[in-house]
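Each remark here refers to the structure printed beneath this line.
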């Protein structure tokens, strides 16, 4: 839910309280909002309806946990250890969506990867990753995704898409972000750059300045 839906949420909770012959104070509604605001409004309303119709639980005014129990199961924000091992880059050429826990676990396994002992590397990675994510789950922390961009340009867009997809798992539908568009590949060879230099009345210094300016425009400032 988003802040603009707070008034609707208050109205829904007030109406639900009326069904049970109760009054609910705004201070108490604020607790429900805090516990449920990461979920979609439509899902929360449906969950309240299911609770009211439940032959056992529905006899009592719902606690936040009762509403949560009626909500669709959330997709886990955390990759499993096997998924994380499969997704993490094993060499510098690979681009990947990363979180701090994957990066730290990959650091533990790096020497074994460099030695070519992938079985031991996988075991070390998984053990460390499980410890870190178990601790994060106990503290109700979510992964913070970032891009590890390797030399392979084709994989960079895929990594950026994965970051948005994984962050969207932690957001209600109304706040989810659109997937990024493919990068405009402005790659150009040095031979092509040199061939574009004006042929007359140009010094070596002018040539060097021209090349620097063109590389900056093509590689860094795509708005121009």
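When you scan the range 39-51, do you find a residue that is in the same structural domain as residue 9 (by TED's automatic domain parsing) and not in a helix (DSSP H, G or I), even just one? Scanning the range 39-51, I find at least one residue that is in the same structural domain as residue 9 (by TED's automatic domain parsing) and not in a helix (DSSP H, G or I), so the answer is yes.
Of all the listed residues (96, 65), the sole one being within 26 Å of the chain's Cα centre (by Cα) and either farther than 30 Å from residue 128 by Cβ or outside the structural domain of residue 124 (by TED's automatic domain parsing) (or both) is 65.
How many residues are surrounded by 11 or more Cβ atoms within 10 Å (Cβ to Cβ) and assigned to a loop (DSSP other than H, G, I, E, B) when one looks only at the range 9-33? Selection size over the range 9-33: 2. For the condition over 30 Å from residue 15 (Cα atoms) and either touching a strand residue (DSSP E or B) at 6+ places or on another chain (Cβ under 9 Å) or modelled with pLDDT of 90 or more (or both), what is the one hit in 47, 55, 68, 87? Testing whether each residue is over 30 Å from residue 15 (Cα atoms) and either touching a strand residue (DSSP E or B) at 6+ places or on another chain (Cβ under 9 Å) or modelled with pLDDT of 90 or more (or both) leaves just 87. If I filter the range 123-141 for residues that are surrounded by 15 or more Cβ atoms within 10 Å (Cβ to Cβ) and touching a residue at least 60 places away in the same chain (Cβ under 8 Å), do I get at least one hit? Checking the range 123-141: not a single residue is surrounded by 15 or more Cβ atoms within 10 Å (Cβ to Cβ) and touching a residue at least 60 places away in the same chain (Cβ under 8 Å).
The values are calculated or read from the model by the stated rules, or taken from the named source; none is laboratory data. For clarity, every value in this text was computed on a predicted model and none was experimentally measured. Virtual Cβ from ideal backbone geometry, glycine too; neighbours counted across all protein chains shown.
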